[in-house]
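Nothing in this text is a laboratory measurement; each read-out follows from the coordinates by a stated rule. Everything numeric in this text was worked out from a predicted model, so none of it was measured. Note that we place each Cβ from the backbone using ideal geometry, even for glycine, and neighbour counts take in every protein chain shown.
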C-alpha cells in the first residue's frame, strides 16, 4: 500500500519532511516543551512510568478503538482514555479505561473540555 506523501515538520523553521507531526530531530524537544509549558503540573504525577505500563498492557488487551468498533469500523487503538478523569477521582482500573484511536480520543477530550465551560 502506498504511503501518504511526507509533509514539513511542524517545528518552526525546520525544513525536514516527515510522516508525523514533527521530524525525528524535533519530536522529543516538542514533547518536552509541551510537558513543561502547556500541560498541568500535577498531571506528571498521575501520568508517570506506572501509567505507561498500564496503558501498554491495556492496548495489548484491546488493540482496536472501542468507539469505532461500536460503529463497525476496525481501527487500531493508539490512546487510552479515562472515562472518569483521574483528577475527578477516577482510577487506572480497566473498568475506567477505553482504548481509542487519536480522532476519537481528540473528539471526546474536546467535548469534555467544552462541557466544562
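For the reader, a short list of remarks on this structure follows.
- Debye log10 I(q)/I(0) for the chain, one point scatterer per Cα, at q = 0.20 Å⁻¹: -1.30
- Label-to-label distance, residue 25 versus residue 87, with points set 7 angstrom from Cα along the beta-carbon direction: 3.5 nm.
- Estimated from helical segments only, the mean residue ellipticity of the chain at 222 nm is -11000 deg cm²/dmol, where each DSSP H run of four or more residues counts as -39500 (n - 2.57).
- Helix 24-33 and the longest principal axis of the C-alpha atoms of the chain enclose an angle of approximately 50°.
- Remark on the stretch 48-117: ratio of C-alpha radius of gyration to 2.2 N^0.38 Å is 1.10.
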